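Each remark here refers to the structure printed beneath this line.
The values are calculated or read from the model by the stated rules, or taken from the named source; none is laboratory data. The shown structure was predicted, so the numbers you read here are calculated from the model rather than taken from an experiment. Here Cβ is always computed from backbone atoms with ideal geometry, including for glycine, and neighbour counts include all displayed protein chains. For accessibility, only protein heavy atoms count, side chains too; no ligands or nucleic acids. Shrake-Rupley method; radii C 1.70, N 1.55, O 1.52, S 1.80 Å.
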Amino acid sequence: MRRPVLCNLVLASGLLAFTQLMTPTDAVAEARLALVIGQSAYRTVPELPNAANDAKGMAELLGNAGFTVTAAPNLSQDAMRQTISDFAGKVSASGADTVALVFYAGHGLQIDGENYLVPVDLDPKREADIPLQGVRLNDLLNTLGALPTRARIFMLDACRNNPFPALSGAGHGLAIVDTKAGAQGTFISYSTSPGAEAEDGSGVDSPYTTAALTVAKQPNVPIEEVFKRIRISVAQSTDGRQIPWESSSLTTDFKFFGGDSNSGQPPAPGANSMALASATRSVEDWRKDLQGKDARAAYQLVIADDTVPAYQAYVELYTQDAQTPRLRTVLERRRQMLAWDRAVAINTRASYEAYLVNWDNSDLAATARRLLLRVQNRNYVLPVAAAAVPVAIAMAPTCPCSTPSTPATPINPTVAPIIKKRVDDTPPKRKVVDTPPKRRPPPDETVVERAPPPGPPPEAVGIGIGIGLGMGMGMGGHGGGGMGRGGGDYNRGTRY
């Protein structure tokens, strides 16, 4: 009778160990809430079957990882906004020890440098309709970013091709979102690089979600390492056509499965600290690291890092490798999107002109000219002359392979005419103060004449008064009135 009892104890111990391995990190210490949006049944463009499958697969994975999942398929604009608001309420009520995750599968667009999630009822006739009919990604980020949470994770499988014919002037893919510019504790992942388009895939799920469903299950792996492995997997499955991208400002460690509790502790070595070290590595550092390595091993290293210096070093060292032309394209597009992000952030005539000098023929050139026209139409003059040179230098491509093959064409005045401001060069008039008449003394009052104080001779004073009065009278009235609102009302304008 003792042997079965002993066997049962051994079996129970094994099951307990396995359960501890596959349970989510910090299951007791932290709450986990997830919103999963799958946009498949679009009403005016073809459906996205894989988006629905991606959402179902991620909802199951996140549920197993300890998340309380809110599944929200096929949302209209009103429903999407309400769902995000309701989810934010749940996160707020859950407390500061909450990890909030949003997974979105569907179409996404960038218009005028802004990213938008696409509701299923979106039906644009022009690009200007998108801000009215779409849902700004920044609104989602800011809504959750304003709440006290341990971490906010956003996974966007939303970089598919633009299916709306009326939006032919929109840029490809999504614009860069820098999490370091917002609230700390944010991690955002795109299914492909900024400015690039992701594939829907030939299987049940997209390449990005397929990789995520496999890699995220691996126990004891920090989130930064998870998404590096996802990037390598997607690059391999698409032959380098699609390379996922992420930005992180996380301040604590996070693992989907397994591991000891690291609640409130700094990221483990190899996670954020490794990402920070990678971000500071120069092209020369990467040349030294890659020198002598096999091309395949070097390729995986730079794909995992996904930075401009890493790609630059690779294309310089492995000029004959089959992957080099594709990585050169990735490098050129990354430089371009970084310059575009800076141009939109600065939002001045100088910043858009600097972008057009280097990328006059890009897919974002039309948008740059439109935004340039907007800033020119402001009825106040910005001090752009002094900023033009440093902005142009900062945004110019430094990669020899990215130098424009033909000189940049000047801005077409019919598209973005230069609107000259009226500048009044007339010097300001001296304000003349009317002096009160000199009081006459009564007949019996004795007047004592005092010596005048040291100063200019009387002739000079007389000339000054004469000129002041003459100008005041010449301008049609009181001198003070001539200095009123002669310049017109000051319009502070709006940042577009």
(1) within 20 Å of L364 (Cβ to Cβ); (2) assigned to a loop (DSSP other than H, G, I, E, B); (3) open to solvent by less than 10 Å² (accessible area, probe 1.4 Å); (4) among the β-branched types (V, I, T): which one isn't true of I130, the others all being true?
-> (2)
Kindly establish whether S261 is modelled with pLDDT under 95, of a type in the set (S, T, Y) and either within 22 Å of A31 (Cα to Cα) or open to solvent by less than 60 Å² (accessible area, probe 1.4 Å) (or both).
-> yes
Select, from G203, G240, G195, the only residue that is open to solvent by 40 Å² or more (accessible area, probe 1.4 Å) and either of a type outside the set (K, R) or assigned to a loop (DSSP other than H, G, I, E, B) (or both).
-> G203
Kindly indicate whether K180 is within 25 Å of G95 (Cα to Cα), among the basic types (K, R) and open to solvent by 10 Å² or more (accessible area, probe 1.4 Å).
-> yes
Residues of region 53-84 that turn out to be open to solvent by 30 Å² or more (accessible area, probe 1.4 Å), under 27 Å from the mean Cα position of the chain (by Cα) and more than 11 Å from L35 (Cα to Cα), as a count | 5
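Okay, residues lined up against (1) touching a strand residue (DSSP E or B) at 6+ places or on another chain (Cβ under 8 Å); (2) of a type in the set (A, V, I, L, M); (3) open to solvent by 10 Å² or more (accessible area, probe 1.4 Å):
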| position | (1), (2), (3) |
| --- | --- |
| D289 | no, no, yes |
| R296 | no, no, yes |
| P309 | no, no, yes |
| Q320 | no, no, yes |
| T348 | no, no, yes |
| Y352 | no, no, no |
| A368 | no, yes, no |
| R374 | no, no, yes |
Members of region 165-183 found to be within 14 Å of the chain's Cα centre (by Cα) and farther than 18 Å from G106 by Cβ, listed by number | I176, D178, T179, K180, A181, G182, A183
Which is over 20 Å from the mean Cα position of the chain (by Cα) and under 14 Å from F103 (Cβ atoms), of A212, A158?
-> A212
Take region 322-346 and flag every residue that is in a helix (DSSP H, G or I), open to solvent by 10 Å² or more (accessible area, probe 1.4 Å) and not hydrophobic (A, V, I, L, M, F, W, C).
-> P325, R326, R328, T329, E332, R333, R334, R335, Q336, D341, R342
Determine whether region 243-255 contains at least one residue that is β-branched (V, I, T), closer than 30 Å to R369 by Cα and within 25 Å of the chain's Cα centre (by Cα).
-> yes
Of the residues V381, V389, which single one is part of a helix (DSSP H, G or I), open to solvent by 80 Å² or more (accessible area, probe 1.4 Å) and either out of contact with any Gly (no Cβ under 8 Å at 6 or more places or on another chain) or modelled with pLDDT of 95 or more (or both)?
-> V389
Do any residues in region 116-140 that are more than 21 Å from L371 (Cα to Cα) and in contact (Cβ under 8 Å) with a residue 24 or more places away in the chain have Cβ atoms under 6 Å from those of residues that are open to solvent by 20 Å² or more (accessible area, probe 1.4 Å) and part of a helix (DSSP H, G or I), where the two are at least six apart or on different chains, and which pairs are they?
-> P119/Q77; L122/Q133
